[in-house]
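Take a look at the structure set out below.
The values are calculated or read from the model by the stated rules, or taken from the named source; none is laboratory data. What you see is a predicted model; the values in this text were computed from it and never measured. In this analysis, Cβ positions are derived from the backbone assuming ideal geometry, glycine residues included, and neighbour counts consider all displayed protein chains. For accessibility, only protein heavy atoms count, side chains too; no ligands or nucleic acids. Shrake-Rupley method; radii C 1.70, N 1.55, O 1.52, S 1.80 Å.
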Amino acid sequence: MTSVAPVLLLAAEKESAEVTDWAARVGWVVGLGLFVALVYWLMREGWKWRGTLQSDLPELPGAPDDPGAAKLVLSGRYHGSTTAGQWLDRIVAHGLGTRSRVELTLTDAGLDVVRPGAADFFVPVAALREARLDKGIAGKVLTEGGLLVVTWAHGGKLIDSGFRSDHAAEHNEWVDTLNDMINKTETEGAR
């Protein structure tokens, strides 16, 4: 037992060394804080620059006064919009890059996108091009078919907007209904 006592004494005597160079420690903390602030500022400037590059996109249309009766309603999340077919090319102009809660309402007039805390917009039925299930859009990747992606035309540009319902089982009904509306609009326009 005598051999264990010196080891316990040595363990009890070990302590952390006192900080004697407070200036260096404070300097490192301030430097790290400035570095984090610089990175945040650069990211913010990049976001604003992307918005400037996309300034040719016209203002988003608002909902008509009487859009008609609701065919489908969805509550969930809006995950952003990208250039169609390029799921990483986020569009930030006019608030389209802002993630938020969403209330989607599909009527005969089009798709009404109501986003609390972000800009609402309306996609007329004539601008709708396609609806599909996908697994990702700019910064959000889910399981296969976990995201409702609606392709629409605005200002001569095709845009993919990603939505996720609180009840993912609703996605298939939305895809079928939207694509039926789009096909019906295209056949009526061809006459």
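What FRET efficiency do you get for Lys140 and Thr20 if R0 is 30 Å and r is their Cβ-Cβ distance, rounded to the nearest 0.05? Once rounded, the FRET efficiency stands at 0.05. When peptides 94-107, 63-76 are sorted by average Cβ neighbour count within 10 Å, with the highest value leading, the order is 94-107, 63-76.
Taking Cα centroids, how far is segment 119-163 from segment 58-99 in Å? Centre-to-centre (Cα) distance: 7 Å.
Computed from the Cβ-Cβ distance with R0 of 22 Å, the FRET efficiency linking Lys48 to Lys157 stands at 0.65. Taking label points 7 Å from Cα along the Cα-to-Cβ direction, Leu34 and Glu130 give a separation of 5.1 nm. Measuring spread by the Cα atoms of segment 34-146 yields a radius of gyration and Dmax of 15.8, 54 Å. Projecting the Cα atoms of Tyr78, Thr98, Pro116 onto the charge dipole of the chain (Cβ charges, centred on the Cα centre) puts Thr98 farthest toward the positive pole. Based on protein heavy atoms only, the chain ends up with 62 Å² per residue of surface accessible to a 1.4 Å probe.
Would you mind telling me the share, in percent, of accessible area of the chain contributed by carbon and sulfur at probe 1.4 angstrom?
Accessible surface attributable to carbon and sulfur in the chain totals 59 percent.
Applying 0.36 nm per residue to the separation of Glu103 and Glu173 and subtracting their alpha-carbon distance, the gain on full extension is 23.6 nm.
For the pair Leu88 and Ala69, the difference between a 0.36 nm per residue extended length and the Cα-Cα distance amounts to 3.4 nm. Principal axis extents of the C-alpha atoms in the chain (largest first, rounded to whole Å): 100, 44, 29.
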